[in-house]
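These notes are about the structure you will find just below.
The values are calculated or read from the model by the stated rules, or taken from the named source; none is laboratory data. Since this is a predicted model, take the numbers as computed values, not measurements. Cβ placement follows ideal geometry from the backbone for every residue including glycine, while neighbour counts extend to all protein chains displayed.
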Amino acid sequence: MEKLHFRENAPEKGSNIELILHVLRHGDRNLNGSLEEYGRERTKETARQSHLRGESFDIVKSYGSTAGPKIKVDGEDLEMQRSLETAHIFGKEIAGDKLYKTRPRNVLNYKTMALDMPFDYLKIHEDFAREYIRETLQLADKKFDDLPEEDKKEVSEYADTKSVEHLMSQKTENAMGTKKEIAGSFAVLIKQYVKMIMEKLKSNQKLLFPLGSHTGMIEPFLAETIIWKNKNDEEVHGATLDEIGGNFKPTEGFDIILKTDRSGQLESVKLRFDNQNRFGGEALLDMNKIDEFAKFYLELHKKQEE
């Protein structure tokens, strides 16, 4: 659990605090796993168009996964992996020079999972990319890096979609455990931040934490923990990939809004989506499921350490 040292001696803590966790998928990447330049530009444009741009925050601090190759950030004395850099770019567009130092969060990294993936995700993604180049673009003699930007985007989006569909369709014991662990990784993080705002932070603040994640991580989490209303206005717990609206596109995200009232108690946790076609733009987070999956994750990782 990270400490925000500038809040440790606050005389009043925990009430009227709003912390927005903006979970976003990393920007467009190449098959080697690092950001494409147009992925960086898409992230900047996404932040400029974001509803968060019009909100005022006391603190903006970015976090992200450390999976993938570390690349130098252009114009800065920093090296980051794709998800971490995406969160950093997004946060900087919102806060400018007031952005606090961006930090890695290993819990967002799929490589820190205790359970093995039910298949080689990176290989399947690459296979789908090559399939699209060969069969749809009919450029069997070309490699991904040889393609123009627009073709690269098409290839990546196809490979992303097919890879997530493959993951979400798996019903084996291993696959179900993997998806539960993915949900648990986010659940652990959310519970840490709930504890932070209720016990550690000075009252009457509004904070934004962009959290850089991966495709194939966001979808299993939402599938397990979302509460939403269908067209008949019936409350539904959990969702299929189709009900979610498919996989998340590069730099697309959603907000987890953690808010305490005047007495310091946590209010209902709302979800707010960049894409308003997902659940009408808003839904709720099932905090009972958050407790369940966080417990599963922590017990699983405790056994791994033993």
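Counting residues in region 208-219 that are of a type in the set (Ser, Thr, Tyr) and over 13 Å from the mean Cα position of the chain (by Cα) gives zero. Within region 189-205, the set of residues being surrounded by fewer than 19 Cβ atoms within 10 Å (Cβ to Cβ) and among the aliphatic types (A, V, I, L, M) comprises 194, 198. Taking region 31-44 as the range and being of a type outside the set (Asp, Glu) and more than 18 Å from residue 110 (Cα to Cα) as the test, the residues that pass are 38, 39, 40, 42, 43, 44.
Has region 86-94 got at least one residue that is modelled with pLDDT under 95, charged (D, E, K, R) and not in a loop (DSSP other than H, G, I, E, B)? No - not one qualifying residue is present in region 86-94.
Restricting 178, 161, 172 to those that are under 23 Å from residue 218 (Cα atoms), β-branched (Val, Ile, Thr) and crowded, with 18+ Cβ neighbours inside 10 Å reduces the list to 178.
In this structure, is residue 121 surrounded by 14 or more Cβ atoms within 10 Å (Cβ to Cβ), hydroxyl-bearing (Ser, Thr, Tyr) and modelled with pLDDT under 95? So residue 121 fits the description; yes. Can you find a residue in region 27-39 that is under 16 Å from the mean Cα position of the chain (by Cα), surrounded by fewer than 22 Cβ atoms within 10 Å (Cβ to Cβ) and part of a loop (DSSP other than H, G, I, E, B)? So far as region 27-39 goes, no, none of its residues is under 16 Å from the mean Cα position of the chain (by Cα), surrounded by fewer than 22 Cβ atoms within 10 Å (Cβ to Cβ) and part of a loop (DSSP other than H, G, I, E, B). Within region 124-162, the set of residues being under 18 Å from residue 35 (Cβ atoms) and under 23 Å from the mean Cα position of the chain (by Cα) comprises 125, 126, 129, 152, 153, 154, 155, 156, 157, 159, 160.
Checked against the criteria, residue 112 counts as closer than 30 Å to residue 77 by Cβ, surrounded by fewer than 16 Cβ atoms within 10 Å (Cβ to Cβ) and of a type in the set (S, T, N, Q). Can you confirm whether region 286-306 contains a residue that is of a type in the set (S, T, N, Q), out of contact with any strand residue (DSSP E or B) (no Cβ under 6 Å at 6 or more places or on another chain) and in contact (Cβ under 8 Å) with a residue 60 or more places away in the chain? Yes, some residue in region 286-306 is of a type in the set (S, T, N, Q), out of contact with any strand residue (DSSP E or B) (no Cβ under 6 Å at 6 or more places or on another chain) and in contact (Cβ under 8 Å) with a residue 60 or more places away in the chain. The criterion of being modelled with pLDDT of 95 or more and either over 26 Å from residue 211 (Cβ atoms) or in the same structural domain as residue 192 (by TED's automatic domain parsing) (or both) holds for residue 100.
Being touching a His at 6+ places or on another chain (Cβ under 8 Å) and under 23 Å from residue 43 (Cα atoms) holds for only one residue in 186, 221, 209, and it is 209. Restricting region 101-146 to residues that are touching a helix residue (DSSP H, G or I) at 6+ places or on another chain (Cβ under 8 Å) and in a strand (DSSP E or B), the residue that is nearest to residue 304 (Cα to Cα) is 104. For first residues located in region 50-78 and assigned by TED's automatic domain parsing to the domain that holds residue 206 and surrounded by fewer than 16 Cβ atoms within 10 Å (Cβ to Cβ), partners that are in a loop (DSSP other than H, G, I, E, B) and at pLDDT 95 or above and lie 6+ apart or on another chain with Cβ distances below 6 Å form the pairs 58/205; 70/81.
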